[in-house]
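The values are calculated or read from the model by the stated rules, or taken from the named source; none is laboratory data. Quantities reported herein were computed from a predicted structural model and do not represent experimental measurements. Glycine also receives a Cβ, built like all others from the backbone with ideal geometry; neighbour counts cover every protein chain displayed. With ligands, DNA and RNA removed, areas are computed over all heavy atoms of the protein, side chains included. Shrake-Rupley method; radii C 1.70, N 1.55, O 1.52, S 1.80 Å.
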Amino acid sequence: MNAYLASVIENVKARSAHEPEFVQTVEEVFSSLEPVIAQHPEYEQADLLSRMVEPERTFIFRVCWMADDGSWHTNTGYRCQFNGAIGPYKGGLRFHRSVDLGTMKFLAFEQTFKNALTGLPIGGGKGGSDFDPTGKSDAEIMRFCQSFMRSLYRYIGPDVDVPAGDMGVGMREVSYLFGEYRHLKGVWENGVITGKDFASGGSRIRPEATGYGAVYYLQNVLHHAGEEIAGKRIACAGFGNVTWGICKKAAQLGAKVVTLSGPDGYIYDPDGVVTEEKIKYLLEMRASGRDRVQDYADKFGVDFFPGQKPWAVPVDICMPSAMQNDVHMEQARQIAASGARYYIEVANMPTTNEALKFLMAQPHITVAPSKAVNAGGVATSALEMAQNSERLVWTAEEVDAQLHRIMNTIYQQSVEAAERYGLGYDLVAGANIAGFQRVADAMMAQGIF
Ligand code: 2IT
């Protein structure tokens, strides 16, 4: 490996040994950059890569909130402003018990390259809390969001940092957060956070955008292979907002999602999550706050497999859409043996680096990386920012058409970037290179700091 690239990776490993997910994502992105670094000696001269792996700043704050029984609870809040070279920091807020500083850094680093890939002016950031929303009442969620925003509001703004949702943070939470920001500052301020409810300035199609975008990207991959999406069987993991969007768009296009998963196990629905009733039920399951996918099996009389993941089910396409590191070597081997021909990452970093390499080496499997596949979500957030600042409201058709165009461009750019560096049809390396190149150009132009 190129000596400069290797030394930066070694340095990250040594300094961030306590942040394994961050080390993992740096290794994954940088391992694609070999030919780029070789052609650009000026990057080493400006020590560009060391600056790219250090967040511009990170805020860590206390969040206190009162439960319905009157007891007080304290959590940690985070906002990591990783890279603002191409626009205001942009990225979601995650409320999940697993959240720590390393999680925030890995997600914000990924976000930087994903946002660059969209071609829109948005930098990379991420935030959240180790607050666990499971089983919390609506009033508790509201109080937590208000308290969180009381600490966060001074660090964000429409030209500074524009948060959104992620795991555990949907439209309800975003709107509570927006309400508290507006209350504190006494201004509407161009929306300031995306994924709001429609009446408060949210964009049409934002709830569906990540899932729809993933399917639009998938269609590009299938067309490249001379295939159509109609008739395909898809295994999804997760049952959140993103999976809901995939089910909806896949059903519209004549494909079917046959598995869903949760922390409790997975369900197999051979008829597919295709009817309006079933698709709507995903939203109910999520809103219940129970975080259990077994409820689907109980309601629709399909099989539930406790404690298992869905990857041994024979399908055409696997779309891991739950959370990071869902697919290790054991699951990757199952996928390779299941007959699936497309491995389309959807969640942020759903695959360990070892498993990803293994899947990419399978001659019968095409792999697509999450930072390209799921970029439709943040891209539509940027469209929400545009609508809010222009004081306009676009129709669902207008937003959907833009989203579709953006996903096609992301795919095309990834293909071209890999080809330009002699890597052939490599969607993983192509996405890393195309995202990196845009951030690198801006950082080089802005001088060293
Ligand atoms: O991972 C992601 O891209 C998100 N959680 C969405 C970020 C956004 O600003 O819409």
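Is it true that R62 is out of contact with any Pro (no Cβ under 6 Å at 6 or more places or on another chain), within 16 Å of the ligand (Cβ to nearest atom), not aromatic (F, W, Y) and not in a helix (DSSP H, G or I)? So R62 fails the test.
Note on region 84-118: residues that are within 11 Å of the ligand (Cβ to nearest atom) and among the basic types (K, R) amount to 3.
No other residue among T259, T243 is open to solvent by less than 40 Å² (accessible area, probe 1.4 Å) and assigned to a helix (DSSP H, G or I) apart from T243.
Filtering D303, D316 for residues that are open to solvent by less than 60 Å² (accessible area, probe 1.4 Å), among the acidic types (D, E) and either at pLDDT 95 or above or farther than 24 Å from I344 by Cα (or both) leaves a single hit, D316. With respect to A199, determine if the residue is open to solvent by 40 Å² or more (accessible area, probe 1.4 Å) and at pLDDT 95 or above. Yes; evaluated as a whole, the condition is true for this residue. The single condition among (1) within 27 Å of H96 (Cβ to Cβ); (2) not in a helix (DSSP H, G or I) that Q331 does not meet is (2). Reported count of residues in region 331-352, each being within 25 Å of G119 (Cα to Cα) and either of a type in the set (F, W, Y) or within 14 Å of the ligand (Cβ to nearest atom) (or both), is 7. R286 passes every criterion in (1) more than 16 Å from the ligand (Cβ to nearest atom); (2) open to solvent by 60 Å² or more (accessible area, probe 1.4 Å) apart from (1).
Of the residues making up region 119-136, not a single one is within 19 Å of V192 (Cβ to Cβ), at pLDDT 95 or above, within 15 Å of the ligand (Cβ to nearest atom) and in a helix (DSSP H, G or I).
So, in region 333-352, how many residues would count as being farther than 16 Å from V215 by Cα, over 17 Å from the mean Cα position of the chain (by Cα) and open to solvent by 10 Å² or more (accessible area, probe 1.4 Å)? The number of residues fulfilling the criteria is 6. Scanning region 41-86 for residues that are over 24 Å from D166 (Cβ atoms), of a type outside the set (G, A, S) and out of contact with any helix residue (DSSP H, G or I) (no Cβ under 8 Å at 6 or more places or on another chain), which turns out least open to solvent (accessible area, probe 1.4 Å)? Looking at the filtered set, the residue picked out is D47.
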